[in-house]
Amino acid sequence: MKMLVQRTPTSANAPFVLAELKEYARIDGPDDDLTLDRMGRAAAAEVEHFAQVALLSQTIRVTILDLVHGAGLTLPIGPVADDATATVTIDGQALTGFDFVTGTRPYLSWPASIRGTSSARVVIEYPAGFGDVASDVPDDLAQAVLDQVALIFDERAPREAKTLARSSHLARVGARYRGVSV
């Protein structure tokens, strides 16, 4: 089995407030705004990847190759709103009768009729994200973005690539959202 995950943003907003990034990084003036915006977007992508979340609204497309259907499948990106729906195609045919469990860690339960069978290609699409604007992002994840930007900004172009890492706040918060203990 191979799983491919594609994210398509549905919100054009940044998942952070530039003024907050500047204040946190102790930067005055507009000279570094473009650089900080890029760093903020890179840090947000790092937070999303590490925590397995969508900070702002996105459409998640999961393509699974050579899947043997068990009872269900934990989906890779959350959170998913309670009223959200998913679409599933198996080998090009739409599937109905599955149960889509929403929340922080979404789950798709296969109908009994396909359990134990195998499929060459399964495509699942669903919406994920905390909302459409930066203020919708939970405070702990917003702080992880700020910490990561400060780390990137302060440690730009280190002599040893091993020096630049994730902020400790990002590691703790991200692990919690993924359901891992640190």
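For region 64-79, what does the Karplus curve 6.51 cos²θ - 1.76 cosθ + 1.60, with θ = phi - 60°, yield as ³J(HN,Hα) per residue in whole Hz, taken in order and with x for Gly and Pro?
10, 9, 6, 9, 9, 6, x, 6, x, 8, 6, 7, x, 10, x, x
Arrange the peptides 61-68, 167-174 so that the one whose residues have, on average, the most other Cβ atoms within 10 Å appears first.
167-174, 61-68
What is the extension gain from ARG176 to SER109, computed as 0.36 nm multiplied by their sequence separation minus the C-alpha to C-alpha distance, in nm to one decimal?
Between ARG176 and SER109, full extension yields an extra 21.7 nm.
When the C-alpha atoms of region 66-116 are aligned to their principal axes, what extent does each axis show, in angstrom, from largest down?
Extents along the principal axes, in whole Å: 27, 18, 18.
Which residues does a label at SER168 reach in region 137-154, if reach means a backbone N under 19 Å from a point 7 Å past the Cα toward the Cβ?
From region 137-154, the list is 140-154.
Given (1) 18.1, 67; (2) 18.8, 62; (3) 17.4, 58 as candidate values of Rg and Dmax of the Cα atoms in Å, which corresponds to the one derived from the coordinates?
Recomputing Rg and Dmax of the Cα atoms in Å here picks out (2).
For helix 139-154, what angle does its Cα long axis make with the longest principal axis of the chain, in degrees from 0 to 90 and rounded to 10?
With both axes taken from Cα atoms, the answer is about 50 degrees.
Grab the beta carbon distance between THR63 and VAL133, set R0 = 35 Å, and tell me the FRET efficiency rounded to 0.05.
It comes to 0.75.
Read-outs: derived from the displayed coordinates by stated rules, not from any lab. Because the structure is predicted, anything quoted here is derived from the model rather than measured. Using ideal geometry, Cβ is built from the backbone for each residue, glycine included, and neighbour counts are taken over all protein chains shown.
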